[in-house]
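Undergrad: One structure, pasted below without further comment.
The values are calculated or read from the model by the stated rules, or taken from the named source; none is laboratory data. None of the values given here were measured: they were computed from a predicted structure. Ideal geometry is used to build each Cβ from the backbone, glycine not excepted, and the neighbour counts take in all protein chains shown.
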Amino acid sequence: MKLLLDSCVWGGVPAELRASGFDVAWAGEWDRDPGDEEILRRAVDESRVLVTLDKDFGHLAIALDRPHPAIIRLVGIGARQQGPLIVHLVQAYPTELAQAALLTAEPGRVRIRAKPPGPPTSKEGA
C-alpha cells in the first residue's frame, strides 16, 4: 500500500512503515511544506492514502469537495503508537480505504465516513 504522511505525523513512523513493507512518502522529508492543498493533490496524483493529524484535509475533501484519496486522521494518538495503529487500520479497513473513505482513529474508536458516490458517468456514443 502507498501512503503519504503529513509532516505532523511523528518522524519515526516513515521508517517503521517502510520496514513493514509500505511505500511511504513523508512530507517531513520534503524541502518545504507545500501546504494542505498541494499535499492532497499529490496524494491523489500518486494514489496514496493520506495520513494526518490535521482536520483540515477532511474539510478540503468534504466541505470543499476536492478530489481525494482515502484519508486517515489520527486524533489523540501518541507518537509511538502512530505506526502500529496505521498498520492496523490499513489491514482492518482495506475496502474502505480503496473506496477513498475518511477514517478518524481515536483511542478506542474508529469512525468511517464513506466517500459519497459521484455523479454517474455516461459512455453513450463511445
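Undergrad: Could you tell me whether any residue of the range 36-46 is in contact with a strand residue (DSSP E or B) (Cβ under 8 Å, 6 or more places away or on another chain) and modelled with pLDDT of 95 or more?
TA: Within the range 36-46 (the criterion being in contact with a strand residue (DSSP E or B) (Cβ under 8 Å, 6 or more places away or on another chain) and modelled with pLDDT of 95 or more), the answer is yes, since at least one residue qualifies.
Undergrad: Taking the residues in the range 17-55 that are part of a helix (DSSP H, G or I) and of a type in the set (D, E) as candidates, determine which candidate is surrounded by the most Cβ atoms within 10 Å (Cβ to Cβ).
TA: Ranking the qualifying residues of the range 17-55, first place goes to D36.
Undergrad: Something else: Hey, does the range 3-12 have a residue that's among the aliphatic types (A, V, I, L, M), more than 19 Å from P94 (Cβ to Cβ), assigned to a loop (DSSP other than H, G, I, E, B) and in contact with a Leu (Cβ under 9 Å, 6 or more places away or on another chain)?
TA: Yes, the range 3-12 has at least one match.
Undergrad: To continue, here is another question. Within the range 56-88, which residues are among the small types (G, A, S) and buried (at least 20 other Cβ atoms within 10 Å of the Cβ)? Even if it seems obvious, please write down each step before you answer.
TA: First, the residues of the range 56-88 that are among the small types (G, A, S): 58, 61, 63, 70, 76, 78-79, 83.
Across the range 56-88, the qualifying residues are A61, A70, G83.
Undergrad: Any residue in the range 11-40 that is under 18 Å from L53 (Cα atoms) and touching a residue at least 12 places away in the same chain (Cβ under 8 Å) sitting within a Cβ distance under 6 Å of a residue that is basic (K, R) and part of a helix (DSSP H, G or I)? List the pairs, counting only those 6 or more apart or interchain.
TA: Matching pairs, first to second residue: V24/R18.
Undergrad: Six or more apart or on different chains, Cβ atoms under 7 Å: show the pairs whose first residue is in the range 53-75 and under 17 Å from R42 (Cβ atoms) and whose second is of a type in the set (D, E) and in a loop (DSSP other than H, G, I, E, B).
TA: Correct list of pairs: D54/D6.
Undergrad: Go through (1) over 19 Å from G11 (Cα atoms); (2) in contact (Cβ under 8 Å) with a residue 60 or more places away in the chain and name the single condition I86 misses.
TA: The one condition I86 does not meet is (1).
Undergrad: Testing K123 on (1) among the basic types (K, R); (2) modelled with pLDDT under 95; (3) farther than 17 Å from L4 by Cα; (4) not in a loop (DSSP other than H, G, I, E, B), one condition comes back false. Which one is that?
TA: Going through (1) among the basic types (K, R); (2) modelled with pLDDT under 95; (3) farther than 17 Å from L4 by Cα; (4) not in a loop (DSSP other than H, G, I, E, B) one by one, K123 breaks only (4).
Undergrad: Sticking with this one: Starting from residues that are aromatic (F, W, Y) and more than 17 Å from A79 (Cβ to Cβ), keep the ones in the range 1-50 and report whichever is farthest from the chain's Cα centre (by Cα).
TA: W30
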